[in-house]
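Peer 1: Before anything else, here's the structure in question.
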Amino acid sequence: MKEQFLLDPNITYLNFGSFGACPKPVFEAYQQLQLQLEQSPVQFIVESGMELLKASRHSLSLYLGCAPDDLVLMTNPSYAINTIAKSIPLNVGDEVLTTSLEYGAMDRTWDYYCKKSGAKYRQSKINFPIESKAAFLKDFWSGYNENTKVVFISHITSATALILPIKDICLEAKRLGLLTIIDGAHVPGQLPLNIDELNPDVYVGACHKWMMAPKGASFLYVKKSQQHWVDPLLISWGYQSDTPSHSTFLDYHETAGTRDFSAFLAVPYCIDFMNKYDWVEKRSFCQAKTLEWAQIFQSYFRFKSIAPIDEAFIGQMYSIPIETEDVAGLKSLLYERFHIEVPVFTSNSQVFIRFSYQVFNSDQDMQRLFDAMKTLKAEGYFKIEKFE
Ligand SMILES: Cc1ncc(COP(=O)(O)O)c(C=O)c1O
């Protein structure tokens, strides 16, 4: 599958998680759409592009298992979460319950808007190593109290690369009468997803990560019964529209001034690409490889895994806990000296090397990371964290 991607062949690319990568046929379709836009800007932006946008939303809704009118394409998950956090009706003293594992930009967004409304953003501390789903749920719900109104949680975490038990959380949150907002940035294309079955109030995902869309394609799903309070981040022609559609939600959120929305239109090409190459099978193979290599790293380096190395917690990414004083230096060494693109993150004072395994990766790629880590450890660039 390497041939299908534009990635620099001189780099061992083990960081699909950060920004995905676009397959050649999808990128070509994207450029073709941009060409059409520039050849006939008015016609495209006002007419044919809008029809294509509708088709793209429909195709994405089928892929995600939700109604097409409950979904809006947006530039990135930050845009979508900002839309929600800015308009959610919170009163002084209300609480948004989350974990200590959330993506930094999302923490900052919630912190900002909670402070504005006098609400509290409460981060339940998740203890490592997570022994089981029950242990995770216990840690998570320990932050619940009578002021909790909203649950905000990642479906797959970023630095720690963990699949969280979202189904259980959505069920319990419903029972408690809480609003559920799921950050699924890493999910579409990496895990099977059916939003209607999961039944959250809000679900945000990126198409430009594991669905392989060009950068700037993501989505916001809002359950119909909750759409009335969601203000657009940008007021434009969709407010008091001269040509209102059947959905105020779509009118409000689909118009956002002049912009190049070609990345949104490339989404059906990603779905075609995944169908053509039997992605369900491919991604489970990649997950099996991720688990296999996580075990190999674990047995050799003897760290305590932050969660069980199994399909419930690990998808196509795995985070190895290490200790280093120089996170940026280690990342550059891996890139400059070993030509490996792999992120080194700090989350709650814990440093992780997170590898992603995608269809174009191989055992040789993983072996290169393994050998580089062996060398760098022997040279004293990092030590192993044992949580003891
Ligand atoms: C869990 C999670 N949420 C949200 C985001 C935000 O994505 P963006 O910066 O594209 O808005 C990311 C990005 O990697 C992420 O990992």
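The values are calculated or read from the model by the stated rules, or taken from the named source; none is laboratory data. Values in this document were obtained by computation on a predicted structure and should not be read as measured data. Cβ atoms come from the backbone with ideal geometry, glycine included; neighbour counts cover every protein chain shown. Areas reflect the complete protein model, heavy atoms only, side chains present, ligands, DNA and RNA absent. Shrake-Rupley method; radii C 1.70, N 1.55, O 1.52, S 1.80 Å.
Peer 1: Percent of Cα-Cα pairs more than 28 Å apart in region 184-342, please.
Peer 2: Cα-Cα pairs of region 184-342 separated by over 28 Å account for 42 percent.
Peer 1: Follow-up. I'd like to know which of ILE153, PHE382, HIS246 lies farthest towards the positive end of the charge dipole of the chain, counting +1 on Cβ of Lys and Arg and -1 on Cβ of Asp and Glu.
Peer 2: The residue sitting most towards the positive pole is PHE382.
Peer 1: Does anything in region 1-18 have its amide N under 17 Å from the 7 Å Cα→Cβ label point of GLU292, and if so which residues?
Peer 2: 1-2
Peer 1: How large is the convex hull of the Cα atoms of region 179-228 per residue, expressed in Å³ as a whole number?
Peer 2: 71
Peer 1: Is it possible to state the helix-based mean residue ellipticity at 222 nm for the chain, with each DSSP H run of 4+ residues giving -39500 (n - 2.57), the sum divided by total residues, to the nearest 500 deg cm²/dmol? What is it?
Peer 2: -12000 deg cm²/dmol
Peer 1: At 1.4 Å probe radius, can you tell me the per residue accessible area of region 146-235 in Å²?
Peer 2: 30
Peer 1: May I pose another question? At a 1.4 Å probe radius, carbon and sulfur cover how many percent of the accessible area of the chain?
Peer 2: Carbon with sulfur: 52 percent of the solvent-accessible area.
Peer 1: Name the GluC sites (Glu not before Pro) in region 129-229 that are in a loop by DSSP and that have at most 13 other C-beta atoms within 10 Å, would you?
Peer 2: GLU131, GLU146
Peer 1: Would you tell me the accessible area of PHE19, worked out with a 1.4 angstrom probe on the heavy atoms of the protein chains, in Å² to the nearest 10?
Peer 2: Surface open to solvent at PHE19 totals about 130 Å².
Peer 1: Given that compact globular proteins tend to follow 2.2 N^0.38 Å, what is the ratio of the alpha-carbon Rg of the chain to that value?
Peer 2: For the chain, the normalised Cα radius of gyration is 1.01.
Peer 1: Sort out for me the Cα centre separation of region 16-76 from region 158-219, rounded to whole Å.
Peer 2: Comparing the Cα centres of region 16-76 and region 158-219, I get a distance of 20 Å.
Peer 1: Further, regarding this structure: Based on DSSP, what percent of beta bridges with both residues in region 47-273 are antiparallel, to the nearest 5?
Peer 2: 35
Peer 1: If amide hydrogens are placed 1.01 Å from N in the peptide plane, which non-local residues have theirs closer than 5 Å to the one on GLU95?
Peer 2: For GLU95, whose amide H was placed from the backbone, the distant partners under 5 Å are LYS120, THR148, LYS149, VAL150.
Peer 1: OK, next. Looking at region 181-250, what % of its DSSP beta bridges pair antiparallel, to the nearest 5?
Peer 2: Restricted to region 181-250, the bridges split so that about 50 percent are antiparallel.
Peer 1: Report the relative contact order of the chain, percent, no decimals, based on alpha-carbon pairs under 8 angstrom and at least 6 residues apart.
Peer 2: Here the relative contact order equals 22 percent.
Peer 1: Here is a follow-up. Sort LEU62, LEU6, LEU333, LEU178 by heavy-atom solvent-accessible area, probe 1.4 angstrom, most to least.
Peer 2: Result, largest first: LEU62, LEU6, LEU333, LEU178.
Peer 1: Right, another one. Find the all-direction average of the projected area of the Cα convex hull for region 47-273, expressing the result in square nanometres with one decimal place.
Peer 2: Projected area, direction-averaged: 12.3 nm².
Peer 1: Starting from 0.36 nm per residue, how many nanometres of slack lie between GLU28 and SER48 once their C-alpha separation is accounted for?
Peer 2: Full extension from GLU28 to SER48 adds 5.3 nm.
Peer 1: How much accessible area per residue does region 245-350 have, in Å², with a 1.4 Å probe?
Peer 2: 46
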